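Handing you this structure, nothing more for now.
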Amino acid sequence: MSENNSCSSAPHMLEVPKTLQIPEAPLLQVEGLNAWYGAAHILHGVGLQVGRGEVVALMGRNGAGKSTTLKSIAALVPRREGKILFRGEAIDQKASHQIAQRGLGYVPEDRRIFTELTVLENLEVGRQKPRHWPDGSAVPHWTPEKLFSLFPNLGEMPDRLGGRMSGGEQQMLSVARTLMGQPYLVLLDEPSEGVAPLIVEQMARTILELKAQGIGILLSEQNLPFAEVVADRAYVLEKGQIVYEAPMAQLAGDTAARQQYLGV
């Protein structure tokens, strides 16, 4: 048999294009999420997802279920049902501390800092070990020094007790403490609520900085201009159900949807 015939009888091998890439799975994927407070059924089949380096705004009027959605993901409601995947792992049966240990951070609306501890002591409470992405690259590693660079106000008061800080300063400390957990993704509940405009601007810069470093953020928010600045996509909740999903710019430009679901 000739060499040419030998070659022609070999199995044909398909070449995989070098540009072919497998899409990265979402950091957070929620399907069919239901939640209750006692007999009150608050969430009805909520579904959403957040990717790496993506900011997703969860919007809606007061009482729509935004905070309950974040608390349900973090296992902070009395009863929940549904499928919750974080970095491909099912966490819907995990306790809140187990979820935090896996790198999912939560910043509550009411801040919940330790008022009798100093700024530095509050940060140490949240400290966890450095983490890495599946490709081996490092997740941003937060230290008090780096956080003081991100939040200069905190850097000026490392020894101040939490109870002697303004509401805006406490909000910054709550975010900084969560970042000490070295999260892949942060659940951020109403960061612009009840704080001064300068603090709102600082929060927006912080969110954009985290996004630039690849951290995912699920943001509960009513302030549409704030969400426009920071968010890539938006889900709108009404009576515990997702009623609208779109890129943030589309929601901002959809007058009918804004008036119907947000009253703005």
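Collect the residues in the range 124-163 that are of a type outside the set (Ser, Thr, Tyr), assigned to a helix (DSSP H, G or I), loosely packed, with under 15 Cβ neighbours inside 10 Å and without any contact (Cβ under 8 Å) to a residue 24 or more places away in the chain, keeping them in residue-number order. Give the steps one after another, and end with the answer.
Just the residues of the range 124-163 that are of a type outside the set (Ser, Thr, Tyr), to begin with: 124-136, 138-142, 144-148, 150-163.
Still in the list and also assigned to a helix (DSSP H, G or I): 124-125, 144-148, 150, 152-155, 162-163.
If we keep only those that are loosely packed, with under 15 Cβ neighbours inside 10 Å too, we end up with 124-125, 145-146, 152, 155, 163.
The answer is GLU145, LYS146, PRO152, GLY155.
Now for a different question. Given the conditions (1) of a type outside the set (Asp, Glu); (2) in contact with a helix residue (DSSP H, G or I) (Cβ under 6 Å, 6 or more places away or on another chain); (3) outside any strand (DSSP E or B), and given that LEU58 satisfies all but one, which numbered condition is not satisfied?
Condition not satisfied by LEU58: (3).
Additional query: Going by what's in this entry, would ALA234 be described as crowded, with 22+ Cβ neighbours inside 10 Å and farther than 25 Å from THR115 by Cβ? Steps first, answer last, please.
Values: crowded, with 22+ Cβ neighbours inside 10 Å: yes; farther than 25 Å from THR115 by Cβ: yes.
In short, yes.
Another question, then. Of all residues in the range 44-59, which are small (Gly, Ala, Ser) and at negative phi? It would help to see each step written out before you state the result.
Restricting attention to the range 44-59, the residues satisfying the condition of being small (Gly, Ala, Ser) are 45, 47, 51, 53, 57.
Residues satisfying the conditions are GLY47, GLY51, ALA57.
Please go through the range 230-250 and give me each residue that is in a helix (DSSP H, G or I), more than 12 Å from PRO191 (Cβ to Cβ) and touching a Leu at 6+ places or on another chain (Cβ under 9 Å), ordered by number. Explain how you work it out, then say what you get.
Pass one, the range 230-250, residues in a helix (DSSP H, G or I): 230, 248-250.
In the following step, the residues that additionally are more than 12 Å from PRO191 (Cβ to Cβ) were identified as 248-250.
Result: no residue meets the conditions.
Out of (1) within 23 Å of ILE207 (Cα to Cα); (2) open to solvent by 30 Å² or more (accessible area, probe 1.4 Å); (3) in contact with a Lys or Arg (Cβ under 8 Å, 6 or more places away or on another chain), what's the single condition that is false for ASN62?
Result: ASN62 fails condition (3) only.
Oh, and also: Go over the candidates VAL175, VAL119 one by one and state the one that is open to solvent by less than 60 Å² (accessible area, probe 1.4 Å) and either under 27 Å from GLY51 (Cα atoms) or under 20 Å from the mean Cα position of the chain (by Cα) (or both). Lay out the reasoning, then the answer.
Values: VAL119 fails: either under 27 Å from GLY51 (Cα atoms) or under 20 Å from the mean Cα position of the chain (by Cα) (or both).
From the options VAL175, VAL119, the qualifying one is VAL175.
Can you tell me which residues in the range 187-218 are touching a helix residue (DSSP H, G or I) at 6+ places or on another chain (Cβ under 7 Å), open to solvent by less than 10 Å² (accessible area, probe 1.4 Å) and β-branched (Val, Ile, Thr)?
Answer for the range 187-218, where residues must be touching a helix residue (DSSP H, G or I) at 6+ places or on another chain (Cβ under 7 Å), open to solvent by less than 10 Å² (accessible area, probe 1.4 Å) and β-branched (Val, Ile, Thr): THR206, ILE207, ILE217.
Could we say that LEU187 is among the hydrophobic types (A, V, I, L, M, F, W, C), in contact (Cβ under 8 Å) with a residue 12 or more places away in the chain and in a helix (DSSP H, G or I) here?
Values: among the hydrophobic types (A, V, I, L, M, F, W, C): yes; in contact (Cβ under 8 Å) with a residue 12 or more places away in the chain: yes; in a helix (DSSP H, G or I): no.
No.
While we're here: For the range 103-114, which residues satisfy the criterion of being touching a residue at least 24 places away in the same chain (Cβ under 8 Å) and either open to solvent by 80 Å² or more (accessible area, probe 1.4 Å) or of a type outside the set (Ser, Thr, Tyr) (or both)?
In the first step, residues of the range 103-114 are kept if they are touching a residue at least 24 places away in the same chain (Cβ under 8 Å); the result is 103-109, 111-114.
Passing the criteria: GLY103, LEU104, GLY105, VAL107, PRO108, GLU109, ARG111, ARG112, ILE113, PHE114.
Give the residues of the range 93-102 that are buried (at least 19 other Cβ atoms within 10 Å of the Cβ) and either in a strand (DSSP E or B) or free of Cβ contacts under 8 Å to residues at least 60 places away in the same chain (or both), sorted by residue number.
The answer is ILE99, and nothing else.
The values are calculated or read from the model by the stated rules, or taken from the named source; none is laboratory data. The shown structure was predicted, so the numbers you read here are calculated from the model rather than taken from an experiment. Positions of Cβ are backbone-derived with ideal geometry, glycine not excepted, and every protein chain shown enters the neighbour counts. In case anyone asks, the SASA skips ligands and DNA or RNA and just uses the protein heavy atoms, side chains included. Shrake-Rupley method; radii C 1.70, N 1.55, O 1.52, S 1.80 Å.
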